[in-house]
């Protein structure tokens, strides 16, 4: 996807788990960042070369294997800093000398543009989203009409409830949601669409949210996710 904003974004479908890798670049400087480099990055790297983009940063939404398994391969070709939330760095425990840890509401430059971070624990302790130009690269925190699992190592449904509430409350309803997996009937949505169609946004009670996320959802709902309203 390319538009008239300062930053452009292109998506790449990779791997056996419907992962989406994002490439972000500054339209003026051509400086680029890759988000969650995993699986086969041939198409991503060919695109950067064709467009004359200069890969400058690796951004991680979280550290699960299916989002990071091409980092070492990438670092053999490029000397790149890895941006990761400080809590996720502790959770991951990987020893890289090029880690740059972030906190919630931090921002950093990409070319002449700026990207902000939002700490969104729940799927993992240091899961985070990247925000710019009314777009949100959400990793496994928020899917289109779904959210990440909380029963894997590091997951916490109470934290997920609060993270989703934070996104629902503080982001513009026009914000475009760009998830870490293509699990839905469409690739992207908006916060406004999620408020009306994402069942995880319908809970005002923590206990009910935890029951649905941890026990009911996977038994009653099939992919691809479509909008639903819980009674």
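With respect to residue 98, determine if the residue is more than 14 Å from the chain's Cα centre (by Cα), farther than 16 Å from residue 81 by Cα and surrounded by fewer than 17 Cβ atoms within 10 Å (Cβ to Cβ).
Working: more than 14 Å from the chain's Cα centre (by Cα): yes; farther than 16 Å from residue 81 by Cα: no; surrounded by fewer than 17 Cβ atoms within 10 Å (Cβ to Cβ): yes.
So residue 98 does not fit the description; no.
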Legend entry - Complete set of residues in region 138-171 that are assigned to a strand (DSSP E or B) and farther than 22 Å from residue 196 by Cβ: 139
Inset, instruction - Mind telling me which of the residues 74, 55, 45 ends up being modelled with pLDDT of 95 or more and in contact with a helix residue (DSSP H, G or I) (Cβ under 8 Å, 6 or more places away or on another chain)? - result: 55
Inset, instruction - State whether the residues of region 59-70 include one that is on the phi > 0 side of the Ramachandran plot, out of contact with any strand residue (DSSP E or B) (no Cβ under 9 Å at 6 or more places or on another chain) and surrounded by fewer than 21 Cβ atoms within 10 Å (Cβ to Cβ). - result: no
Inset, instruction - Scan region 50-62 and report the pairs whose first residue is more than 21 Å from residue 121 (Cβ to Cβ) and whose second residue is modelled with pLDDT of 95 or more and part of a loop (DSSP other than H, G, I, E, B), with Cβ atoms within less than 7 Å and a gap of 6+ or a chain change. - result: 52/30; 53/30; 54/30; 55/78; 55/80; 56/80; 57/80; 57/81
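Using the structure shown, decide if residue 111 is surrounded by 13 or more Cβ atoms within 10 Å (Cβ to Cβ) and in contact with a helix residue (DSSP H, G or I) (Cβ under 6 Å, 6 or more places away or on another chain).
On the way: surrounded by 13 or more Cβ atoms within 10 Å (Cβ to Cβ): yes; in contact with a helix residue (DSSP H, G or I) (Cβ under 6 Å, 6 or more places away or on another chain): no.
No.
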Inset, instruction - State all residues of region 200-221 that are under 12 Å from residue 145 (Cβ atoms) and either more than 19 Å from the chain's Cα centre (by Cα) or outside any helix (DSSP H, G or I) (or both); if no residue qualifies, say none. - result: 202, 217, 221
Inset, instruction - Identify, by number, the condition in (1) within 27 Å of residue 28 (Cα to Cα); (2) at pLDDT 95 or above; (3) within 16 Å of the chain's Cα centre (by Cα) that residue 88 doesn't meet. - result: (1)
Legend entry - Looking only at region 114-136, and only at residues there that are crowded, with 23+ Cβ neighbours inside 10 Å and not in a strand (DSSP E or B), the one that is nearest to the chain's Cα centre (by Cα): 127
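Being touching a helix residue (DSSP H, G or I) at 6+ places or on another chain (Cβ under 8 Å) and free of Cβ contacts under 8 Å to residues at least 40 places away in the same chain is the requirement here; does residue 154 meet it? Write out each step before concluding.
On the way: touching a helix residue (DSSP H, G or I) at 6+ places or on another chain (Cβ under 8 Å): yes; free of Cβ contacts under 8 Å to residues at least 40 places away in the same chain: no.
So residue 154 does not fit the description; no.
Pull up region 222-231, narrow it to residues that are touching a residue at least 24 places away in the same chain (Cβ under 8 Å) and out of contact with any helix residue (DSSP H, G or I) (no Cβ under 6 Å at 6 or more places or on another chain), then point me to the one that is farthest from residue 187 (Cα to Cα).
Pass one, region 222-231, residues touching a residue at least 24 places away in the same chain (Cβ under 8 Å): 223-230.
Within this subset, residues satisfying the condition of being out of contact with any helix residue (DSSP H, G or I) (no Cβ under 6 Å at 6 or more places or on another chain) are 223-226, 229.
Details: 223: 13, 224: 10, 225: 11, 226: 11, 229: 20 Å.
The qualifying residue farthest from residue 187 (Cα to Cα) is 229.
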Legend entry - Count of residues meeting criterion [surrounded by 15 or more Cβ atoms within 10 Å (Cβ to Cβ), in contact with a strand residue (DSSP E or B) (Cβ under 9 Å, 6 or more places away or on another chain) and within 18 Å of residue 134 (Cβ to Cβ)] in region 167-186: 7
Inset, instruction - Could you run through region 66-99 and say how many residues are under 24 Å from residue 181 (Cβ atoms) and touching a residue at least 24 places away in the same chain (Cβ under 8 Å)? - result: 19
Inset, instruction - Considering each residue of region 194-212, count those that are in contact with a strand residue (DSSP E or B) (Cβ under 8 Å, 6 or more places away or on another chain) and either surrounded by fewer than 20 Cβ atoms within 10 Å (Cβ to Cβ) or touching a residue at least 60 places away in the same chain (Cβ under 8 Å) (or both), and give that number. - result: 1
Inset, instruction - Pairs only if they're at least six apart or on different chains, beta carbon under 6 angstrom, first in region 159-175 and under 12 Å from residue 121 (Cα atoms), second at pLDDT 95 or above and in a helix (DSSP H, G or I); list them, first residue then second. - result: 161/206; 161/209; 164/200
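The values are calculated or read from the model by the stated rules, or taken from the named source; none is laboratory data. From a predicted model like this one, the values you see are computed outputs, not experimental measurements. We place every Cβ from the backbone using ideal geometry, glycine too, and count neighbours over all the protein chains shown.
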